[in-house]
1. If packing is taken as the average number of other Cβ atoms within 10 Å across a peptide's residues, how do 98-104, 113-119, 15-21 rank, most packed first?
2. For the stretch 1-118, what class follows from the C-alpha gyration tensor (a ≥ b ≥ c being the square roots of its eigenvalues): rounded when a/c is under 1.5, otherwise prolate if a/b is larger than b/c, else oblate?
3. Note down the nm distance, to one decimal, between modelled labels 7 Å out along Cα→Cβ at Lys158 and at Ile120.
4. Taking the Cβ-Cβ separation of Phe84 and Gln28 as r and a Förster radius of 30 Å, what is the calculated FRET efficiency to the nearest 0.05?
5. Percent of accessible area on the chain owned by carbon and sulfur, 1.4 Å probe?
6. Under unit Cβ charges (Lys, Arg +1; Asp, Glu -1), what dipole magnitude, rounded to 20 debye, does the chain have relative to its Cα centre?
7. For each pair in Lys33/Lys155; Lys3/Lys158; Lys3/Lys33, compute the distance between the two Cα atoms and list the pairs where it is over 26 Å.
8. GNM, the chain, Cα, under 10 Å: largest mean-square fluctuation among Phe133, Phe144, Phe57?
Amino acid sequence: MLKPNEQYKIYDDYLSIGNYEYIRNYVQDAPYKHGEVDYIGSYSIGMVHELPLDNDFGFPQHINGYPLVRAYVNFYGPRELAVFHVDADDPKSTTLLYYPCPTYELDEGGATELIINRNIVGVRSIANRLLAFKSNILHRSTPFTNYPRWTIALKYNKFITPEDVRARTI
């Protein structure tokens, strides 16, 4: 998915149209809970819906020998802000973000911002796009101005087990 020298990679038209439409409908109808934190000690933001690790959405179960340890949907209301954070300290861990929202006009916002070489790199939320990046990269989501924002987050880590993740989830 990521080559050793790559920090991030974008895959457009990642899933079949049928899978994309299924996921888009799923995230809009899923029940969400409030209380997710990007890191211990930060304030709660957005809402989440946990996905089973053995989901049938078409995402890999392993990346570079690292297992999928958490899968969930992030939900942010219009203009709801998130904070910069890392998902794991291990430079070999990978995070995947999948964008099931429609593609809105550029001024609507909704990018994922990554800190790469002390610069902000924005990756636009485009329907059926997948963003893969090293989990130790500082990043955050930005909201849409007028629409809700759903993102499927998948975390691949060798040193954190699914049980550890569940224990840390509020």
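The values are calculated or read from the model by the stated rules, or taken from the named source; none is laboratory data. Because the structure is predicted, anything quoted here is derived from the model rather than measured. Because the Cβ atoms are built from the backbone with ideal geometry, glycine has one as well, and the counts that use them run over all protein chains shown. The accessibility values were calculated without ligands, DNA or RNA, using every heavy atom of the protein model including side chains. Shrake-Rupley method; radii C 1.70, N 1.55, O 1.52, S 1.80 Å.
1. On the way: 98-104: 20.3, 113-119: 11.9, 15-21: 13.9.
So the order, starting with the most tightly packed, is 98-104, 15-21, 113-119.
2. In terms of gyration-tensor shape, rounded.
3. 3.4 nm
4. The pair Phe84/Gln28 has a calculated efficiency of 0.65.
5. On the chain, the fraction of accessible area on carbon and sulfur atoms equals 52 percent.
6. 380 debye
7. Lys3/Lys33
8. The residue with the greatest mean-square fluctuation here is Phe57.
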